[in-house]
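First the structure, in the form of structure tokens, and then the observations on it.
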Amino acid sequence: MKKILGIVILTSYSLAAQISLNDSRISDAYTDLTNRITSRSLNNSNETVKGSPYFDSRFIESTIIYNEKPLKQKVFLRYNAFNDELEIGHSSKTSESDQALMKNNNIYCIIENSVFKYFPLIGGNPKLAKKGYVKEIFKGQHFGLYLRERKIYRDAKKAKNSLERSFPARFTDEIEWYFQENKGSLIFFKPNKKSIKNIFKTNIKHLETFLKTKKGDLKDIHYLEKLVRYIDELN
């Protein structure tokens, strides 16, 4: 199990020294991760930034799943939505971290009630990477529903004249929905009738029945989950 933990978690050298590792590729992976994290620093590190790179900055005791098997070791994680990293802390009281979970399709985690998985993504914001962490909202026999929540850094903007407004450097939320059919690729869609009718075009009758009999807001996470679950169960 210690070897598996070493493969799953990229740690600092001090922690890695305590784990028996026979694969030299782990050291290379650690170096790659460190470079990737430091390269994501903000443009002006001394500037006051409004907002946070986290939706939840707490380190929470979590479960890591590797090749569909949960690891028994206690681990504390939080999602950095700016860097798109699952950071690792030593305890719930940790405030900073230089460690992160390896990005791999065979590794996912459960933080409280949220399941974070790493997938290739089709569509969405062209400025974001085409692979990333998503929350699994629903996973059925035929269809899956996933939510991508990112933080985008915006530079400060000074007004050029009295008619314009100044804005501080800030983080803004970027929310995207993804749909999966029969374990295929995750495809971006907008939570509106036009987009949903397109992804469920082979189940249009089931979709129209649901929309007619169960009124709700397609932007509401619980309503959207019920919709996908309903159609999945009828297939």
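The values are calculated or read from the model by the stated rules, or taken from the named source; none is laboratory data. Just so it is clear, the structure is predicted and the values come from calculations on it, not from any experiment. So basically every Cβ, Gly included, is an ideal-geometry build from the backbone, and we count neighbours across all protein chains shown.
A few remarks follow.
- The set of residues in the stretch 199-218 that are part of a helix (DSSP H, G or I) and either without any contact (Cβ under 8 Å) to a residue 24 or more places away in the chain or farther than 18 Å from F179 by Cα (or both) comprises I199, K201, T202, I204, K205, E208, T209, F210, L211, K212, T213.
- Of all the criteria given as (1) more than 21 Å from the chain's Cα centre (by Cα); (2) surrounded by 12 or more Cβ atoms within 10 Å (Cβ to Cβ); (3) modelled with pLDDT of 95 or more; (4) part of a loop (DSSP other than H, G, I, E, B), the one not satisfied by N235 is (3).
- The criterion of being among the acidic types (D, E), within 22 Å of R154 (Cα to Cα) and either surrounded by 13 or more Cβ atoms within 10 Å (Cβ to Cβ) or at pLDDT 95 or above (or both) holds for E85.
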